[in-house]
Amino acid sequence: MSKVLAEHLSYFHLPRRYDAYARTIASVLSGGEALADLGCGFGVLGIQCVRHNARHVWGIDHSDAIEIARETVDRSGLADQYTCIKNSTFQAILPEKADLGEVRLDENVEKALSFSATLTTDRDCMLHGLAGWFDCELADDVWMTNSPIVPESIRRPQAFFPLQRPIEVKQGDSFDIAFRIRHGQGIFAWTVTPADGAPIQRMNTWKSRILTDKDLETRPESPLRMNSRGTARLKTLELIDNKRTAHEIEALVLETYPELFATPEEISRFLRAELGAGTES
């Protein structure tokens with residue numbers, strides 16, 4: 001099983017999560033809505049919306065989880081009310097407008113999320129890092145949290161941001177923290193400023209990445225060259241002519257360009273992923 005499918009499957013084992021979403025959906029839907037289920041996974045939440053009288057749900061997911069959603073919808077007899085679309089939520093085009101509620105699109109979205117806070121310790125201890133979790137109000141009086149210190153947690157993993165060096169703190173000590181998160185790149189940076197004048201500690205996930213000299217090259221003025229994956233994608237797209245089937249294209253690529261990847265199996269795996277994401281029948 002792929003990591004993506006395993007992740008979606010793990011959601012079923014999170015206590016209280018399904019019930020919180022069910023109460024939220026029952027609270028906010030009035031019936032007759034057309035909804036977009038973005039990153040729908042197995043389609044569980046969208047199916048709940050249909051069962052709470054949504055007129056139609058468009059489930060969108062670029063991973064193989066959409067195929068499980070499609071089969072679940074078919075087996076549940078809901079295919080007329082739930083349509084599965086294998087695509088990115090940023091690129092999918094719906095045949096009608098979905099009821100999105102209030103979504104602010106008139107403000108610029110920063111490339112990085114930044115926030116800061118001042119924390120006060122409630123006991124003497126050694127501070128080794130910062131733990132993070134969420135408390136989210138899904139609807140009026142419907143909350144979801146993965147906090148490790150409350151019994152109503154859905155038990156989803158929390159985040160831990162370590163310090164370079166542990167800090168000894170006393171009850172009542174205050175210290176400043178600041179975070180900066182770059183969207184889409186998975187880069188987190190955080191600083192801790194002790195109140196007693198101790199050196200500021202600056203940490204980030206960039207330092208943990210394994211990089212080569214090539215990764216550090218930034219020459220936007222230099223001509224670009226097609227790598228092996230780009231070459232394979234280009235040759236594949238050239239064979240899509242609205243006539244050949246996926247099996248015919250795969251056989252032709254294996255025969256004509258056997259050098260694209262190390263093995264025929266790897267070529268076939270690449271082709272199936274490309275043809276599945278970039279075509280429709």
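The values are calculated or read from the model by the stated rules, or taken from the named source; none is laboratory data. Owing to the predicted nature of the structure, the values given are computational and were not obtained by experimental measurement. So basically every Cβ, Gly included, is an ideal-geometry build from the backbone, and we count neighbours across all protein chains shown.
The table that follows gives values for the structure above.
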| item | result |
| --- | --- |
| Residue that is outside the structural domain of ALA34 (by TED's automatic domain parsing), among the β-branched types (Val, Ile, Thr), farther than 30 Å from HIS13 by Cα and outside any strand (DSSP E or B), where the choices are ILE149, ILE93 | ILE93 |
| Residue among GLY41, GLY59, GLY46 that is under 18 Å from the mean Cα position of the chain (by Cα), crowded, with 20+ Cβ neighbours inside 10 Å and in a helix (DSSP H, G or I) | GLY46 |
| The range 64-90 - residue that is outside any helix (DSSP H, G or I) and buried (at least 19 other Cβ atoms within 10 Å of the Cβ) and, of those, nearest to the chain's Cα centre (by Cα) | LYS86 |
| The range 112-126 residues that are in the same structural domain as PRO194 (by TED's automatic domain parsing), paired with ones that are outside any strand (DSSP E or B) and of a type in the set (Asp, Glu) (beta carbon under 8 Å, 6 or more apart) | THR120/ASP173; THR121/ASP173 |
